[in-house]
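Trainee: Here's a structure for you.
The values are calculated or read from the model by the stated rules, or taken from the named source; none is laboratory data. In this text the structure is predicted, and so the values were computed from the model without any measurement. Cβ coordinates were reconstructed from backbone atoms using ideal geometry, including for glycine residues, and neighbour counts include every protein chain displayed. All accessible areas refer to the heavy atoms of the entire protein, side chains included, with ligands and DNA or RNA removed. Shrake-Rupley method; radii C 1.70, N 1.55, O 1.52, S 1.80 Å.
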Amino acid sequence: MVDGKTHPTVGFVGAGNMAEALISGMRAADWPPERIWVTNRSNRTRLDWLRARYGVQTTQDKKELCGASQVLVLAVKPKDVPEATDQLRPLVRPGHRLLSVVAGLTLASLERAFPGTPVVRAMPNTPSAVREGVTAYALGRWAGQEDARLAQEVFGSVGAVVEVPEERIDLVTGLSGSGPAYVFFLVESLIEAGVRSGLPPEVARDLVVQTVFGAARMLRETGEDPAELRRRVTSPGGTTMAGVGALEERGVRGAFLEAVQRAARRARELAS
Ligand SMILES: NC(=O)c1ccc[n+]([C@@H]2O[C@H](COP(=O)([O-])OP(=O)(O)OC[C@H]3O[C@@H](n4cnc5c(N)ncnc54)[C@H](OP(=O)(O)O)[C@@H]3O)[C@@H](O)[C@H]2O)c1
């Protein structure tokens, strides 16, 4: 509750996967459905579905959405930003706040499009869809503590939230934005290793998924250093030491460093 009394009305411009993840989290966190508005470009069926599923307000008229909302969430694909900002520019008024989840769209571009408007640039990740996301956000020059609280409330409904200076957002994109894909890659690789070594695929999958889930929960719930948790399951000359030795020999640590840095570089190249 940003002003300490009531939830502001939030209008989503874009009704795709990311908008739905946030809407579903906000509803689960008891954000009143009459204070959530959604619009898209043309897909009426999608809006009807969101209204039926979450009880939110939908419209194909951006004027109606902007008139009803105090906070606008820009959730369109990067290629659709010029059209969406052209449509929104005449409708954004003093008092509006803007949260953008568009990858690569800088605060400077947003502030050029909406002069004087408090703007927040956020980078959520896909586990937001199951309320286990993590979002990093950066505040624009006209944004203040109220906007930080708003970002924490909206993105906090779908996971953890951290504030970073904008120059770190590309790095966050390479780490936690692309991070779920690295974990899926790890899971794929472990399942394949289990299957190639003789386990039935469904058994290998169950073992690996629960192992990754359990290890992540241990990290979060104990707050322990991952190196320390690893040390505790690694006895000298034992099985884990043999396995981890293979990862070290094959340079897996260096591969992760390169993955994060390359993804961050790509995010910088794609920024607008
Ligand atoms: N998905 C993720 O994990 C993730 C993570 C971090 C950041 N993001 C960012 O989130 C943004 C949205 O991603 P997404 O996966 O949700 O995309 P998506 O599923 O393709 O949805 C895009 C939405 O934008 C709407 N749209 C396009 N042009 C519009 C316009 N002029 N006015 C109003 N709505 C318009 C589309 O409507 P129609 O269907 O009617 O065309 C659609 O509802 C992207 O910029 C992405 O970088 C996504």
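Trainee: When you look at Thr39, is it near the ligand (Cβ under 8 Å from one of its atoms), of a type in the set (Ser, Thr, Tyr) and crowded, with 16+ Cβ neighbours inside 10 Å, yes or no?
Mentor: yes
Trainee: Among the residues of region 255-272, write down those that are open to solvent by less than 40 Å² (accessible area, probe 1.4 Å) and either free of Cβ contacts under 8 Å to residues at least 60 places away in the same chain or of a type outside the set (Gly, Ala, Ser) (or both).
Mentor: Val260
Trainee: Going by what's in this entry, would Glu166 be described as surrounded by fewer than 17 Cβ atoms within 10 Å (Cβ to Cβ) and in contact (Cβ under 8 Å) with a residue 24 or more places away in the chain?
Mentor: yes
Trainee: Output the residue which, of all residues in region 16-40 that are assigned to a loop (DSSP other than H, G, I, E, B) and without any contact (Cβ under 8 Å) to a residue 40 or more places away in the chain, is nearest to Thr135 (Cα to Cα). Walk me through it before giving the result.
Mentor: Kept after step one, since they are assigned to a loop (DSSP other than H, G, I, E, B), are these residues of region 16-40: 16, 29-32, 40.
Narrowing the set further to residues that are without any contact (Cβ under 8 Å) to a residue 40 or more places away in the chain leaves 30, 32, 40.
Working: Asp30: 20, Pro32: 22, Asn40: 23 Å.
Only one residue fits best here, namely Asp30.
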